[in-house]
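Asks: Here you go, one structure.
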Amino acid sequence: MTEKQGNRPGLIRAVPVRHPGRWVAAAVIVVLAAMLVNNILTNTAYNWAEQWKYFLSPPVLNGVRNTIWLTLVAMVGGVLLGIVLALMRLSPNPLMRGASWLYLWVFRGTPLYTQLLIWGNIGALFPKLGLGIPFGPEFVTAQMNSLYSAAMAAALGLVLNEAAYMAEIIRAGILSVDPGQNEASQALGMTRMQTMRRVVLPQAMRVIVPPTGNEAISMLKNTSLVAAVPYLELTFTAQTIYASTYQVIPMLVMACIWYLILSSLMMVGQNYLERHYARGSQQSRMGLRARMSRIGGAP
């Protein structure tokens, strides 16, 4: 017994693994952060007084309202049209599938800024709109300029572009639902549209909501591109102000601060939505773990 005890190895002295690279990276980050703070506090080019002067001015607040309005219209219209395009892509009808694919190919394959330029100058392509028989007489005609405004051009361009991306997001969400759900619904006598509305889409929302939230935040920033129309959203408003005051950097930084505020609010809302639609899956995982623990603890 004594001999065995004498052959035992000594206590292991654990030495933590050193990570010098982490400390170097942390030091670099601290230095860069200090440089940034120093630049913000000491660089007079920011002209914080000028920014505060215009931050809550009526033109800027009007630009913020227009930015929010464009984002809401683009996302609501994009989601609704995206659902239609996604269902067309999943349709057994080859003509509907082909039309949806062509739409997605065009609007995802061309830049949004270029599309907005086209919608802003659509009057050159269609000077007037008419309702009548193709290759025949027109019963009602109207000049495009009298029916078309900058706000309509901006909203239409954003909606049509966003619909192409939302269609793919919604299609991916629909395909993520177990095909057995469709079979069970059909066995209960539900139509295809009832199955989609009551069974498939509610379950697909868990997959659809996160990228949709990202698209909404991205759309908030993409509204700055409607300066191509042009339309008085936040960035274009800042441009009109610094065109007369020559305070370029202060006005652009002020616009960035507004975008950060709006994006942060949207991120909070996105977080709550994701938690809401993830409740079912979380409860399912918790129930599965409880059942497995009971099985594992059974004699």
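Asks: Sort Trp69, Trp52, Trp119 by accessible area with a 1.4 Å probe, largest first.
Replies: Trp52, Trp69, Trp119
Asks: Principal axis lengths of segment 1-156 from Cα atoms, whole Å, largest first?
Replies: Principal axes ranked by extent give 112, 59, 22 Å for the Cα atoms.
Asks: Another question about this same structure. List, largest first, the extents of the alpha carbons of segment 1-90 along their principal axes, each in whole Å.
Replies: Between the extreme Cα coordinates on each principal axis of segment 1-90 lie 89, 57, 18 Å.
Asks: How much length would be gained if the chain were fully extended between Leu117 and Leu56, taking 0.36 nm per residue of separation minus their Cα-Cα distance, in nm to one decimal?
Replies: 19.0 nm
Asks: Just round it to a whole percent: the fraction of Cα-Cα distances in the chain exceeding 35 Å.
Replies: Here the tail beyond 35 Å accounts for 47 percent of pairs.
Asks: Separate question: Per 0.36 nm of contour for each residue apart, how much would the distance between Ser218 and Val140 grow if the chain were fully extended, relative to their Cα-Cα spacing?
Replies: Between Ser218 and Val140, full extension yields an extra 24.1 nm.
Asks: Given a 1.4 angstrom probe, I'd like the percentage of the accessible area of the chain that is carbon and sulfur, rounded to a whole number.
Replies: 67 percent
Asks: Moving to a separate point now. Might you work out the accessible area of Leu225 for me, using a 1.4 Å probe with all protein chains in place, and round it to the nearest 10 Å²?
Replies: The accessible area comes out at roughly 50 Å².
Asks: What Kirkwood radius, in Å to one decimal, follows from the Cα pairs of segment 167-258?
Replies: 16.5 Å
Asks: Follow-up question, since we're still on this one. Give the value in nm², to one decimal: projected area of the alpha carbon convex hull of segment 45-88, averaged over all directions.
Replies: Answer in nm², one decimal: 4.3.
Asks: Around Lys128, which amide H atoms from residues at least 5 apart in sequence, or from another chain, sit under 5 Å from its own amide H, with H modelled in the peptide plane?
Replies: The answer is Met144.
Asks: Contact order normalised by length for the chain, with contacts defined as Cα pairs under 8 Å and 6 or more residues apart; what percent is it?
Replies: 24 percent
Asks: Right, something else. State, as an integer percentage, the relative contact order of segment 65-175 based on alpha-carbon contacts under 8 Å between residues 6 or more apart.
Replies: Relative contact order, segment 65-175: 46 percent.
Asks: Then there's this: What translational diffusion coefficient, in µm²/s and rounded to a whole number, does the Stokes-Einstein relation yield for segment 70-195 at 10 °C and a viscosity of 1.306 mPa s, taking the hydrodynamic radius as the Kirkwood radius over Cα pairs?
Replies: Translational D for this selection: 94 µm²/s.
Asks: Moving on. At 1.4 Å probe radius, can you tell me the per residue accessible area of segment 211-267 in Å²?
Replies: 44 Å²
Asks: Between Val268 and Leu90, with labels modelled 7 Å along Cα→Cβ, what's the label distance in nm to one decimal, could you check?
Replies: If labels sit at Val268 and Leu90, their model points lie 3.4 nm apart.
Asks: Counting pairs of alpha carbon atoms under 8 Å apart in space and at least six apart in sequence, what relative contact order in percent does segment 105-234 give?
Replies: 32 percent
Asks: Taking 0.36 nm per intervening residue step and subtracting the Cα-Cα distance, what contour gain separates Ser176 from Arg197 on full extension?
Replies: Stretched out fully, the Ser176 to Arg197 stretch lengthens by 6.0 nm.
The values are calculated or read from the model by the stated rules, or taken from the named source; none is laboratory data. Computed from a prediction, not measured in an experiment: that's the story for all the values here. All Cβ positions, glycine included, derive from the backbone under ideal geometry; neighbour counts span all protein chains shown. The protein model used for the area step is the full one, side chains on, heavy atoms only, and it has no ligands, DNA or RNA in it. Shrake-Rupley method; radii C 1.70, N 1.55, O 1.52, S 1.80 Å.
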